[in-house]
Amino acid sequence: MPSSNSRCNKSLSDHHVTLAAPFFAREYPVVTYSFRPAYTFPVWQPVAAVRPAMSAPWWQWVASTDSLTARLIKAGGERPFRVRLLHQGVGMPWKDEAQALNIGHRRYAWLREVALCVDESPWVVARSVAPLTQLQGQHLDRLGERSLGSWLFQQPDLVRGPLEASACAPRFAYPACNNAQSLWGRRSVFQHGGLSLLVQEYFLTNMADDLRLPSR
Ligand SMILES: C=C(O[C@@H]1C=C(C(=O)O)C=C[C@H]1O)C(=O)O
């Protein structure tokens, strides 16, 4: 999959912003949805269709179906793992997100954006979306900086939908995430107790550098 895919928001080579201190400079910003940049939609493809463009080490990460949190903790070894909550609240899903959840894209949804950090370095940024009408009793807003995955993977009735992958850049409410240097993105819908939760995860160059993974 070429990085210059014209249907993507930006080619990966456009990204020169690093995710050091400035990424976290503003914690928990107030995000309004009055301004929506003219992004085009990312191209999501079944993960198997993207495999030819992906190195074997990246395939191990992108196509894995168990908890990414658990994998990151293991890969980080002695280094501390942390979920950083960047944005959480009610907002409009993007059109492709609404389609993935089978809801109208002008319906408000619950949004959560985090950075999954090893040694304070963001390795993955994730944006999760759930229909507001399905949230009763789930108390997802109480998760705070505990990992959504740690909670999800404890649910005995959890079903994970097919994984899709993309080389497009993230589109988050938290502005710095849109400049994040992402190598691969993936998404899937989790089902649990009447709740559908779309989880989108973008693997960043920080992770590739720290784990000496190839550039694609
Ligand atoms: C879905 C998982 O949860 C991770 C934790 C998230 C969070 O806390 O918001 C979001 C995406 C994930 O990468 C997982 O561990 O597999």
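The values are calculated or read from the model by the stated rules, or taken from the named source; none is laboratory data. Keep in mind that this is a model prediction, so the values were computed, not measured. Here the Cβ positions follow ideal geometry from the backbone for every residue, glycine too, while neighbour counts run over all protein chains shown.
Tabulated values for the structure
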| item | result |
| --- | --- |
| Members of region 131-147 that are part of a loop (DSSP other than H, G, I, E, B) and away from the ligand (no atom under 11 Å from the Cβ) | Leu135, Gln136, Gly137, Gln138, His139 |
| Options Ser150, Ser128, Ser188; residue that is over 23 Å from Val50 (Cβ atoms), near the ligand (Cβ under 10 Å from one of its atoms), polar (S, T, N, Q) and not in a loop (DSSP other than H, G, I, E, B) | Ser150 |
| Qualifying residues in region 91-125 (those that are out of contact with any helix residue (DSSP H, G or I) (no Cβ under 8 Å at 6 or more places or on another chain) and part of a strand (DSSP E or B)) - the one farthest from Ser182 (Cα to Cα) | Gly91 |
| Where Glu97 falls short, out of the listed (1) over 21 Å from Leu195 (Cβ atoms); (2) charged (D, E, K, R); (3) surrounded by 15 or more Cβ atoms within 10 Å (Cβ to Cβ); (4) more than 11 Å from the ligand (Cβ to nearest atom) | (1) |
| Residue in region 67-87 that is acidic (Asp, Glu), surrounded by fewer than 17 Cβ atoms within 10 Å (Cβ to Cβ) and under 16 Å from the mean Cα position of the chain (by Cα) present | no |
| Residue check for Ala20: at pLDDT below 50 and surrounded by fewer than 12 Cβ atoms within 10 Å (Cβ to Cβ) | no |
| Test set (1) out of contact with any His (no Cβ under 7 Å at 6 or more places or on another chain); (2) crowded, with 18+ Cβ neighbours inside 10 Å; (3) under 21 Å from Leu85 (Cβ atoms) - Arg142 fails condition number | (2) |
| Unique residue being at pLDDT 95 or above and touching a helix residue (DSSP H, G or I) at 6+ places or on another chain (Cβ under 9 Å) when the list is Trp44, Trp59 | Trp59 |
| Hits in region 104-121 (condition: more than 12 Å from the ligand (Cβ to nearest atom), buried (at least 21 other Cβ atoms within 10 Å of the Cβ) and in contact (Cβ under 8 Å) with a residue 24 or more places away in the chain) | Val118 |
| Selection from region 153-185 of residues that are among the acidic types (Asp, Glu) and either in contact (Cβ under 8 Å) with a residue 40 or more places away in the chain or within 13 Å of the ligand (Cβ to nearest atom) (or both) | Glu164 |
